[in-house]
Amino acid sequence: MRGAVLHAPGDVRFEERDDPKIIEATDAVIRTAATCVCGSDLWDYRGINPVEQPTPFGHEYVGIVEEVGADVKTLKPGQFVIGSFFASDNTCANCRNGYQTDCLHRELVGAEGCQAEKIRIPLADGTLVATPDQPAEEHIPSLLACSDVMGTGWYAAVAAEVRPGDTVAVVGDGAVGLCAVIAAKELGATRIIAMSRHEARQKLAREFGATDIVAERGEEGIARIKEMTGGIGADRVLECVGTPEAMQQALRSTRPGGNVGFVGVPHGVAIDGTELFYSHVGLRGGPAPVREFLPDLIDRVLTGRINPGKVFDLTLPLGQVADAYQAMDERRAIKALLKP
Ligand SMILES: [Zn+2]
């Protein structure tokens, strides 16, 4: 089979790789129906994370079960499935508490690269969620979005404890930030302020439920949020970037007693303990336990309540994966969907 391999910053190749096989009896192998490039893949593509050796890439996927190991009980070949970037057994104490990304037996699915024609999924029974039937073609982008960005945006809102009637600000207008707008709306926020300076992204944020747009950043952005919220800040702020500037903007835009949910993978973020202490702001984040939300999110997609697949504004054959990275790196695309 063929798949994407990152050789060096800026150098993604589509090349022949070994076919994935069942290694553990709890594994499944799926044939990829669609995959995509994540904003977090760009940290490596841009050389911000070091690339030490040729590395298979990608961690978002939907597919058809091709083969299952002897101990897999709930899945059979032919089923359409969605899973998250961490494999989880969905039975251990952390999984039962809804933190499948902290599964005591977790394995990174992305370690073997999901931008490929086939993928080995460890702990298949716990990791994969099958749709009731073969989904319609039009639902596939939104189901793929649930594999990471929609689940991550959802967790940002859950971690910040968004409640009906809240004013929510979203820092970051990438695919996760845009999905966080959907999540805030679904959880009942009445005012949703998207912080974005890009016209196409502002438009999509509004379509997803944003009521206000703030284009200012840094101190000006914080001042603008306070001005809009009676001088105190938003009830909940969802940080979907991972830079020191974005985190500071989030913490300082939140009212005393409010919460920040942060899902941008931190790069160089340091939090001042004294400032946090006096702010009375609650803080929770981390790699989203997407698996916890999958059944609910799949249902919302299949019933037409949400359409997070709109974040894909570029679709390319998997063989053109290098073009997909380039388009996202140059911000010509919000998110690129790849079809084998
Ligand atoms: Zn577990």
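The values are calculated or read from the model by the stated rules, or taken from the named source; none is laboratory data. No experiment lies behind these values; they were computed from the predicted model shown. So basically every Cβ, Gly included, is an ideal-geometry build from the backbone, and we count neighbours across all protein chains shown. SASA here: full protein model, heavy atoms, side chains in, ligands and nucleic acids out. Shrake-Rupley method; radii C 1.70, N 1.55, O 1.52, S 1.80 Å.
Considering each residue of the range 127-152, count those that are within 16 Å of the ligand (Cβ to nearest atom) and over 19 Å from the mean Cα position of the chain (by Cα), and give that number. Of the residues in that region, 0 qualify.
Screening residue 5 on (1) over 24 Å from residue 298 (Cα atoms); (2) touching a Gly at 6+ places or on another chain (Cβ under 6 Å) shows it passes everything except condition (2).
Meeting the requirement of 2 or more residues that are more than 26 Å from residue 315 (Cβ to Cβ), the helices (runs of 4 or more DSSP H) wholly within the range 126-242 are 149-159, 218-228.
Considering the range 274-332, the residues that are touching a helix residue (DSSP H, G or I) at 6+ places or on another chain (Cβ under 8 Å) and of a type in the set (Phe, Trp, Tyr) include one that is least open to solvent (accessible area, probe 1.4 Å), namely 325.
When the residues of the range 53-102 are filtered to those that are part of a loop (DSSP other than H, G, I, E, B) and charged (D, E, K, R), the one that is nearest to the ligand (Cβ to nearest atom) is 89. The residue that is modelled with the highest pLDDT, among those in the range 103-114 that are within 20 Å of the chain's Cα centre (by Cα) and within 8 Å of the ligand (Cβ to nearest atom), is 103.
Screening 232, 225 for residues that are more than 13 Å from residue 177 (Cα to Cα), in contact (Cβ under 8 Å) with a residue 40 or more places away in the chain, out of contact with any Asp or Glu (no Cβ under 8 Å at 6 or more places or on another chain) and not hydroxyl-bearing (Ser, Thr, Tyr) leaves exactly one candidate, 225.
Within the range 187-240, the set of residues being buried (at least 16 other Cβ atoms within 10 Å of the Cβ) and on the phi > 0 side of the Ramachandran plot comprises 209, 233. For residue 18, the test of being at pLDDT below 95, more than 25 Å from the chain's Cα centre (by Cα) and more than 22 Å from residue 175 (Cα to Cα) is passed.
Among the conditions (1) of a type outside the set (Ser, Thr, Tyr); (2) more than 16 Å from the ligand (Cβ to nearest atom); (3) surrounded by 19 or more Cβ atoms within 10 Å (Cβ to Cβ), residue 117 misses just one, which is (3). Taken over the range 3-37, the criterion of being of a type outside the set (A, V, I, L, M), part of a loop (DSSP other than H, G, I, E, B) and either open to solvent by 10 Å² or more (accessible area, probe 1.4 Å) or out of contact with any strand residue (DSSP E or B) (no Cβ under 8 Å at 6 or more places or on another chain) (or both) is satisfied by 9, 10, 17, 18, 19, 20, 21, 24, 26.
Assess whether residue 318 counts as being over 20 Å from residue 166 (Cβ atoms) and touching a residue at least 24 places away in the same chain (Cβ under 8 Å). Criteria met by residue 318. Counting just the residues of the range 73-89 that are open to solvent by 50 Å² or more (accessible area, probe 1.4 Å) and touching a residue at least 12 places away in the same chain (Cβ under 8 Å), which one comes out farthest from residue 124 (Cα to Cα)? Checked the range 73-89; the qualifying residue farthest from residue 124 (Cα to Cα) is 77.
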